[in-house]
Amino acid sequence: MDELQKRIKSFAYAFTGIGSFLRKEHNAWIHCIAIIIVTITGFIIGISRMEWVAVLLCFGLVLAAEAFNTAIERLVNLVSPDYHPIAGDVKDIAAGAVLICAVTAALVGAIIFIPYFKGVN
């Protein structure tokens, strides 16, 4: 197999993983609904190009964190099917990382969107 075919195959595996993540993870659905709402709102109020950059980076950051969390949880469940305090700690830390990203994204969203709604009663 030549190098180009290997690269193409690696992208196919990545897209398969994204599909599995989006199909099976309810938290990913919640994040995607938030992404849709924020995107529609951004178009309606006309946020700037740089604001779109910040919003898109937040979208990617939160979805990637959720995907990493999912991968970590599945791996921990595989290698430690019985309860183990360290396994639980690992899963909690990964979930905490998602929360940090989501809170940061919400703060960025507030900084961007609140000024557009100021004065709207």
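Every number in this text was worked out from the coordinates using simple rules, so none of it is lab data. Remember, it's a predicted structure, so these values are computed and weren't measured experimentally. Here the Cβ is made from the backbone with ideal geometry for all residues, glycine too, and neighbour counts use every protein chain on show.
Comparison of GLU73, GLU51, GLU66, GLU3 shows that the only residue that is acidic (Asp, Glu) and in contact with a His (Cβ under 9 Å, 6 or more places away or on another chain) is GLU66. Looking across the range 38-94, just one residue is basic (Lys, Arg) and surrounded by 15 or more Cβ atoms within 10 Å (Cβ to Cβ), and that is LYS91.
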